[in-house]
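The values are calculated or read from the model by the stated rules, or taken from the named source; none is laboratory data. Just so we're clear, the structure is a prediction, and the values are computed from it rather than from any experiment. Cβ placement follows ideal geometry from the backbone for every residue including glycine, while neighbour counts extend to all protein chains displayed.
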Amino acid sequence: MNLINIGIEEFQKEVYPEYIKIFPKEERKELKTIEENYDKKITKFIKICENNQFIGFFIINTIKNSKYIQLDYFAILEPYQNKGYGTKAIQLLKSQMEAYDGIFVEIEKLGLGKDKQDNLVRERRAKFYETLGFEKLNFALKWFESLILSIYVLPISSYKDTEEKIMENMFQIYISVHGKEKVDRDCKVIK
């Protein structure tokens, strides 16, 4: 398996159509926002390939002076799901990010899905990340008035930050990606 950093043109041509298919509209960022954050060197695109075949992707956010990476979007294309590629891809990503202290991901809070099926999907997602070593933090985020996200962090280095320090790094990334006004208005910490 290979992780390949790609530019905006390849993202638009090959990855973006899959991104649109996989992620519901309410979870996606506008292409313009993605492009702006790419131009600011915040957003990076990584194609996941197996035997030169495109099988998935990561969209990550990093900023200068932060020791954390936001795993903003991660997907394995449908024909390749449930074959161990997701596990392998996360492990490979972790091994290639040794300069960082950790990778964080947001997962919709368990038990708050719109129906039983949605709750099962959330539980499977949480179990997947926990199995890979992601640790659930003791706070959640409320985006807008209705979206509640649990935060999971995959430690990379042996250094162990406090949750407050991790939260500080997260908010630096959020402000870089979304702007201070939007984060102050739409994102609240829930203990």
*Restricting attention to the range 66-84, which residues are farther than 18 Å from Phe23 by Cβ and either touching a strand residue (DSSP E or B) at 6+ places or on another chain (Cβ under 8 Å) or without any contact (Cβ under 8 Å) to a residue 60 or more places away in the chain (or both)?*
Lys67, Tyr68, Ile69, Asn82, Lys83, Gly84
*Mind checking whether some residue in the range 157-167 is closer than 14 Å to Gln70 by Cα and at pLDDT 85 or above?*
yes
*Give Ser158, Ser150, Ser146, Ser176 a once-over and let me know the one that is among the hydroxyl-bearing types (Ser, Thr, Tyr) and touching a residue at least 60 places away in the same chain (Cβ under 8 Å).*
Ser176
_When residues of the range 83-100 are limited to those that are at pLDDT 90 or above and assigned to a loop (DSSP other than H, G, I, E, B), the one nearest to Ser158 (Cα to Cα)_ = Tyr100
_Contact list please: Cβ distance under 8 Å, first residue in the range 1-23 and in contact (Cβ under 8 Å) with a residue 24 or more places away in the chain and under 19 Å from Leu93 (Cα atoms), second residue β-branched (Val, Ile, Thr) and in a helix (DSSP H, G or I), pairs at least six apart or on different chains._
Ile6/Val15; Phe11/Ile34
*Does any residue of the range 60-78 turn out to be over 25 Å from Pro155 (Cα atoms) and not polar (S, T, N, Q)?*
yes
*For residues in the range 134-153 being among the hydrophobic types (A, V, I, L, M, F, W, C) and over 14 Å from the mean Cα position of the chain (by Cα), which is surrounded by the fewest Cβ atoms within 10 Å (Cβ to Cβ)?*
Phe144
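The rows are residues; the columns are (1) crowded, with 20+ Cβ neighbours inside 10 Å; (2) at pLDDT below 95.
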{"residue": "Leu3", "(1), (2)": "no, no"}
{"residue": "Ile22", "(1), (2)": "no, yes"}
{"residue": "Lys44", "(1), (2)": "no, no"}
{"residue": "Gly56", "(1), (2)": "yes, no"}
{"residue": "Ile59", "(1), (2)": "yes, no"}
{"residue": "Lys67", "(1), (2)": "no, yes"}
{"residue": "Glu78", "(1), (2)": "no, yes"}
*Of the residues Thr33, Thr43, which is under 11 Å from Tyr73 (Cβ atoms) and either of a type outside the set (D, E, K, R) or in contact with a helix residue (DSSP H, G or I) (Cβ under 8 Å, 6 or more places away or on another chain) (or both)?*
Thr43
*Residue satisfying all of: in the range 101-111; in contact with a strand residue (DSSP E or B) (Cβ under 6 Å, 6 or more places away or on another chain) and among the aliphatic types (A, V, I, L, M); modelled with the lowest pLDDT among these*: Ile107
*From the options Phe144, Phe104, Phe57, residue that is in contact with a helix residue (DSSP H, G or I) (Cβ under 7 Å, 6 or more places away or on another chain) and farther than 26 Å from Ile190 by Cα*: Phe57
